[in-house]
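Asker: To start, I am sharing the structure in question, which I have written as structure tokens.
The values are calculated or read from the model by the stated rules, or taken from the named source; none is laboratory data. All of these numbers come straight from a predicted model, not from anything done at the bench. Here Cβ is always computed from backbone atoms with ideal geometry, including for glycine, and neighbour counts include all displayed protein chains. When the accessible area is computed, the model is the full protein with side chains, heavy atoms only, and any ligands, DNA or RNA have been set aside. Shrake-Rupley method; radii C 1.70, N 1.55, O 1.52, S 1.80 Å.
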Amino acid sequence: VKKMIAIRKQEKDVIHSVYNEAKPRIEKVACQSSSTVPAPYILWNDRKAILIAGNNLEKNVKLTVTLPLDKIGMSEASQIRITDLWNGGEKTMDVKNAADFSFAIKKDKVAGGGLAVYKIEVVH
């Protein structure tokens, strides 16, 4: 729980409550998975996006999500950086190859398992 709260504080410009009538920028993401898991979703602002996916199973799963790069305003960039906020690490990808992003989520109830949180930013 401490890790979740730390990520929320660190990314508060994207992960926050909406107090006015503006609709939050959040959307379910198309996904293919080796097992049935909760639908991943993405939140974004004008500078970055946060992808959140869960695994509530007792086995590791592999997911491939289709990032809505047009919707989140990143389709015109040449490269994006994807940072794993849950387990650490980052990679830079060409936008033309980044629409389908694959990753694994460890099984639930183990260290580093049950959740994936990725920050997506345009590389300048």
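Asker: So which residues in the range 70-84 are outside any strand (DSSP E or B), of a type outside the set (G, A, S) and open to solvent by less than 30 Å² (accessible area, probe 1.4 Å)? I'd like the intermediate steps shown before the answer.
Answerer: Kept after step one, since they are outside any strand (DSSP E or B), are these residues of the range 70-84: 70-78.
From what's left, of a type outside the set (G, A, S): 70-72, 74, 76.
Scanning the range 70-84 gives I72, M74.
Residue-by-condition table, conditions (1) more than 20 Å from M93 (Cα to Cα); (2) out of contact with any Asp or Glu (no Cβ under 7 Å at 6 or more places or on another chain); (3) at pLDDT 95 or above:
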residue: I5; (1), (2), (3): yes, yes, no
residue: E11; (1), (2), (3): yes, yes, no
residue: N20; (1), (2), (3): yes, yes, no
residue: K28; (1), (2), (3): yes, yes, yes
residue: L43; (1), (2), (3): no, yes, yes
residue: G54; (1), (2), (3): yes, yes, yes
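Asker: Let me ask another. Could you list all residues from the range 31-54 that are of a type outside the set (D, E, K, R) and closer than 18 Å to G73 by Cβ? Before you say what the answer is, go through the steps one by one.
Answerer: Quick first cut of the range 31-54, residues of a type outside the set (D, E, K, R) only: 31-45, 49-54.
Within the range 31-54, Y41, I42, L43, W44, N45, A49, I50, L51 meet the criteria.
Asker: A further question follows. Find all pairs meeting these conditions: Cβ atoms under 7 angstrom apart; at least six residues apart or on different chains; first residue within the range 101-112 and in a loop (DSSP other than H, G, I, E, B); second residue among the charged types (D, E, K, R).
Answerer: K107/E58; K107/K59; D108/E58; G112/K106
Asker: Right, here's the next one. So S35 passes all but one of these: (1) open to solvent by 80 Å² or more (accessible area, probe 1.4 Å); (2) polar (S, T, N, Q); (3) part of a loop (DSSP other than H, G, I, E, B). Which condition number does it fail?
Answerer: Unmet condition: (1).
Asker: Now a separate question. For the range 45-63, which residues satisfy the criterion of being out of contact with any Cys (no Cβ under 7 Å at 6 or more places or on another chain) and open to solvent by less than 40 Å² (accessible area, probe 1.4 Å)? Reasoning before the result, please.
Answerer: First pass over the range 45-63, keeping only residues out of contact with any Cys (no Cβ under 7 Å at 6 or more places or on another chain): 45-62.
Listed by number, the residues that qualify are N45, K48, A49, I50, L51, I52, A53, G54, N55, V61.
Asker: Would you tally the residues in the range 73-92 being over 28 Å from K2 (Cβ atoms) and in contact with a Phe, Trp or Tyr (Cβ under 8 Å, 6 or more places away or on another chain)?
Answerer: Total satisfying the criteria: 1.
Asker: Could I ask something else about it? Looking only at residues in the range 69-84 that are among the acidic types (D, E) and within 19 Å of C31 (Cβ to Cβ), which one is nearest to the chain's Cα centre (by Cα)?
Answerer: Looking at the filtered set, the residue picked out is D84.
Asker: Give me a count of the residues in the range 85-124 that are within 14 Å of the chain's Cα centre (by Cα) and surrounded by fewer than 11 Cβ atoms within 10 Å (Cβ to Cβ).
Answerer: Of the residues in the range 85-124, 3 are within 14 Å of the chain's Cα centre (by Cα) and surrounded by fewer than 11 Cβ atoms within 10 Å (Cβ to Cβ).
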